[in-house]
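Just below is one structure, and these are the notes that go with it.
The values are calculated or read from the model by the stated rules, or taken from the named source; none is laboratory data. On a predicted model such as this, the values are computed, not experimentally measured, just so you know. When we count neighbours, we look across all protein chains shown, and the Cβ atoms used for this are built from the backbone with ideal geometry, even at glycine. Heads up: the accessible areas ignore ligands, DNA and RNA and are worked out on the full protein's heavy atoms, side chains in. Shrake-Rupley method; radii C 1.70, N 1.55, O 1.52, S 1.80 Å.
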Amino acid sequence: VQLQASGGGLVQPGGSLKLSCAASGSTFSAYGVGWYRQAPGKQRELVARIRRAGTTVYVDPVKGRFTISRDNAKNTAYLQMNTLKPEDTAVYYCSLMDVWGNAQYWGQGTQVTVSS
């Protein structure tokens, strides 16, 4: 399985971006999907997760601003990010997760920079 993350860029505070994570192979629907981020000098952290059945989990700093979704027909997951803040600046990674929430496959990162 290969994952391709895209959609990052430079955006002003308060702006929006939509990240995409495209997976190769036919087993995408068998996995949960997680979006992680890693800011300079910090550890990688889980931002949002969507399980196989579609239930979602968010960390508190992004609740109400970020929305994770998936389209199994397209083997693609998304992270809609609204009301972006400078502290959201990081490299964002997507992963396919097993039923226990462990990341099994990783995509390359996509840079998100929130700055005026």
Residue-by-residue Karplus 3J(HN,Hα) for segment 55-63, coefficients 6.51, -1.76, 1.60, Hz, glycine and proline x: 6, 10, 9, 10, 7, 4, x, 10, 4
Exposure rank, largest accessible area first [Glu45, Glu87; 1.4 Å]: Glu87, Glu45
Debye log10 I(q)/I(0) at q = 0.12, 0.14, 0.22 Å⁻¹ for segment 25-91, Cα point scatterers: -0.33, -0.44, -0.94
Spin-label proximity, Asp71 to segment 25-57 - amide N less than 19 Å from point 7 Å beyond Cα toward beta carbon: 25-35, 50-55
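Lysine pairs, Cα distance under 19 Å, 8 or more residues apart or cross-chain: how many in the chain? Don't skip to the answer; put the middle values down first.
Working: Lys18/Lys63; Lys18/Lys74; Lys18/Lys85; Lys42/Lys85; Lys63/Lys85.
Number of lysine pairs found: 5.
Please compute the length gained on full extension between Thr113 and Ala39, using 0.36 nm multiplied by the number of residues separating them and subtracting their Cα-Cα distance.
Values: separation 74, 0.36 × 74 = 26.64 nm, distance 1.00 nm.
Length gained between Thr113 and Ala39: 25.6 nm.
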Listed residues Trp106, Trp100, Trp35 arranged by accessible area, highest first, probe 1.4 Å: Trp100, Trp106, Trp35
Fluctuation leader among Ser95, Ser20, Ser29 - the chain, Gaussian network, Cα springs under 10 angstrom: Ser29
Segment 65-116 pair-distance distribution - Cα-Cα, 5 Å bins, rounded %: 5, 16, 21, 27, 18, 11, 4, 1
5 Å binning of all Cα-Cα separations within the chain, expressed as whole percents from 0 upward: 2, 13, 25, 26, 19, 10, 4, 1, 0
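What size of dipole, in debye to the nearest 20, comes out for the chain about its Cα centre when the only charges are +1 on Lys and Arg C-beta atoms and -1 on Asp and Glu C-beta atoms? Show your work: numbers first, answer last.
Details: 12 positive and 6 negative charges, 27 e Å.
The dipole of the chain has a size of about 140 debye.
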Approximate spin-label separation Ala22-Thr56, in nm, with each point projected 7 Å along Cα-to-Cβ: 2.3 nm
For Gly15, distant residues with modelled amide H under 5 Å away: Leu84
Å² per residue, accessible surface of the chain at 1.4 Å: 52 Å²
